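Peer 1: Pasting in a structure now, in structure tokens, and then I'll have a few things to ask.
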Amino acid sequence: MVTGKKLIISAAVLALVQIGFLSWIIAGRAAILRNGTEVLLKVEPVDPRDLLRGDYVRLGYEISTIPAKLVADLVPGQTTTPGGRMLVRLKKDADGYWRPVSAFLGAPASAPGSDEADIAGVISGGWSIEGDSTLSPDYGIERFYLPEGEGRAIETDMRVRPFGVRVALARDGTPQIKALVDGDKTLFEEPLY
């Protein structure tokens, strides 16, 4: 009987640890959505279906391809990236969209200005940074899941008029999609929880 109690207690502790871990992940995401710096990024659709998860819009951004000449902290003669985290400094443009103005493979020398924000992405090691080459960071915001049956219609609309994504940025640059927008109209908004 003592071993049965130990098994039940162990299972309960394991369940509490799992619930705590999932709650921590959800609370962290919600904190970014609630308190993060909001930026608007212009998007380009790529593909609207995932057989296992349903409709989604795969998003490409102007910030998905960063010219190597924007990387401010390149070491002279450096020809490949070390891989890992990359910060891209965004600046709000006159049309309301935020565009890249510089990028950093390490920590930026200065904090972003009042009309600037940093977004963090991940690049794989070995990207060539010679001449007119570009880097393609993955920000983790390249997919936006939609209600079943709505992906293809939105993808078609994105090809004829500009759409945007409102993104919340944590202080360290971690992005979370807040909403998919069509001009001034919010189509879908992510819930906090």
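The values are calculated or read from the model by the stated rules, or taken from the named source; none is laboratory data. What you see is a predicted model, and the numbers here were worked out from it, not measured in a lab. When we count neighbours, we look across all protein chains shown, and the Cβ atoms used for this are built from the backbone with ideal geometry, even at glycine. Accessible surface areas use protein heavy atoms only, side chains included; no ligands, DNA or RNA. Shrake-Rupley method; radii C 1.70, N 1.55, O 1.52, S 1.80 Å.
Peer 1: Here are some residues: 108, 137. Which one is at pLDDT 90 or above and more than 25 Å from residue 179 (Cβ to Cβ)?
Peer 2: Working: 137 fails: more than 25 Å from residue 179 (Cβ to Cβ).
Being at pLDDT 90 or above and more than 25 Å from residue 179 (Cβ to Cβ) holds for just one of 108, 137, which is 108.
Peer 1: Based on this model, can you work out whether residue 143 counts as under 24 Å from residue 185 (Cα atoms), modelled with pLDDT under 80 and either under 13 Å from the mean Cα position of the chain (by Cα) or open to solvent by 70 Å² or more (accessible area, probe 1.4 Å) (or both)? Show your work before the answer.
Peer 2: Values: under 24 Å from residue 185 (Cα atoms): yes; modelled with pLDDT under 80: no; either under 13 Å from the mean Cα position of the chain (by Cα) or open to solvent by 70 Å² or more (accessible area, probe 1.4 Å) (or both): yes.
Criteria not met by residue 143.
Peer 1: Would you point out the residue of the range 161-170, among those that are touching a residue at least 60 places away in the same chain (Cβ under 8 Å) and open to solvent by 10 Å² or more (accessible area, probe 1.4 Å), that is farthest from residue 119 (Cα to Cα)?
Peer 2: First pass over the range 161-170, keeping only residues touching a residue at least 60 places away in the same chain (Cβ under 8 Å): 162-170.
If we keep only those that are open to solvent by 10 Å² or more (accessible area, probe 1.4 Å) too, we end up with 162, 166, 170.
Numbers: 162: 21, 166: 13, 170: 8 Å.
Looking at the filtered set, the residue picked out is 162.
Peer 1: Just checking, which of 156, 186, 174 is open to solvent by 80 Å² or more (accessible area, probe 1.4 Å), β-branched (Val, Ile, Thr) and out of contact with any Gly (no Cβ under 7 Å at 6 or more places or on another chain)? Step through it out loud before you land on a result.
Peer 2: On the way: 186 fails: open to solvent by 80 Å² or more (accessible area, probe 1.4 Å); 174 fails: open to solvent by 80 Å² or more (accessible area, probe 1.4 Å).
From the options 156, 186, 174, the qualifying one is 156.
Peer 1: Output the residues belonging to the range 31-52 that are at pLDDT below 85 and either over 26 Å from residue 172 (Cβ atoms) or touching a Pro at 6+ places or on another chain (Cβ under 9 Å) (or both).
Peer 2: The answer is 43, 44, 45, 46, 47, 48, 49, 50, 51, 52.
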